[in-house]
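The structure under discussion appears below in the form of structure tokens.
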Amino acid sequence: MQLILILFVIAGGMGLSVEAGLLGPLGGEVGDLWATFSVFGVGAALTFLLMLFFSPRNAPSLFAQPGWQLTGGILGAGYVIVLTLATPVIGVAMTMIGILAGQVFKSLIIDHFGLFGTPHRKIDARRVYALIFIIIALALVAMS
């Protein structure tokens, strides 16, 4: 099961690279904020349709949850705006490696301290080495 989830995560990452490649030109044509809006509009419509058919009917109300748990939408919008602005200037590879470096860095902190209710996973040498390799990749791509 874990291997299947890892493959799904890799496929999701590939999708984000495609999204970045699409957003840059779209933002150049219609404006960065309209391009960002298109991602969330289409995504919201698709999610709504999926919820109609696959969401459990007795699920607790979204609005009964703590407000801080709903801030992901703000972070998601910021992420898509960054993709839209950065990709045409620095390229898809540089954008994605930079995003990955930020994600891994912050993820290590979240895991280490068990933030947001996640299980504690201590930062160890292997995790630090992984981050270092990502930073090296960022430097190598920047130099090319």
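The values are calculated or read from the model by the stated rules, or taken from the named source; none is laboratory data. All values derive from a computational prediction rather than experimental measurement. Positions of Cβ are backbone-derived with ideal geometry, glycine not excepted, and every protein chain shown enters the neighbour counts. Note: accessible area is taken over every heavy atom of the protein model, side chains too, but ligands, DNA and RNA are not part of it. Shrake-Rupley method; radii C 1.70, N 1.55, O 1.52, S 1.80 Å.
Which residue out of 98, 78 is closer than 23 Å to residue 37 by Cβ and either surrounded by 11 or more Cβ atoms within 10 Å (Cβ to Cβ) or modelled with pLDDT of 95 or more (or both)?
Testing whether each residue is closer than 23 Å to residue 37 by Cβ and either surrounded by 11 or more Cβ atoms within 10 Å (Cβ to Cβ) or modelled with pLDDT of 95 or more (or both) leaves just 78.
In region 100-135, what residues are at positive phi, assigned to a helix (DSSP H, G or I) and in contact with a His (Cβ under 8 Å, 6 or more places away or on another chain)?
Of everything in region 100-135, nothing turns out to be at positive phi, assigned to a helix (DSSP H, G or I) and in contact with a His (Cβ under 8 Å, 6 or more places away or on another chain).
What is the one condition in (1) exposed (fewer than 12 other Cβ atoms within 10 Å of the Cβ); (2) closer than 19 Å to residue 99 by Cα that residue 3 does not satisfy?
(2)
Which residue out of 138, 85 is in contact with a helix residue (DSSP H, G or I) (Cβ under 7 Å, 6 or more places away or on another chain) and open to solvent by less than 60 Å² (accessible area, probe 1.4 Å)?
Criteria check complete, one pass: 138.
Quick one: residue 29 ticks every box in (1) surrounded by 10 or more Cβ atoms within 10 Å (Cβ to Cβ); (2) among the acidic types (Asp, Glu); (3) free of Cβ contacts under 8 Å to residues at least 24 places away in the same chain bar one, so which box is it?
(1) is the only condition that residue 29 fails.
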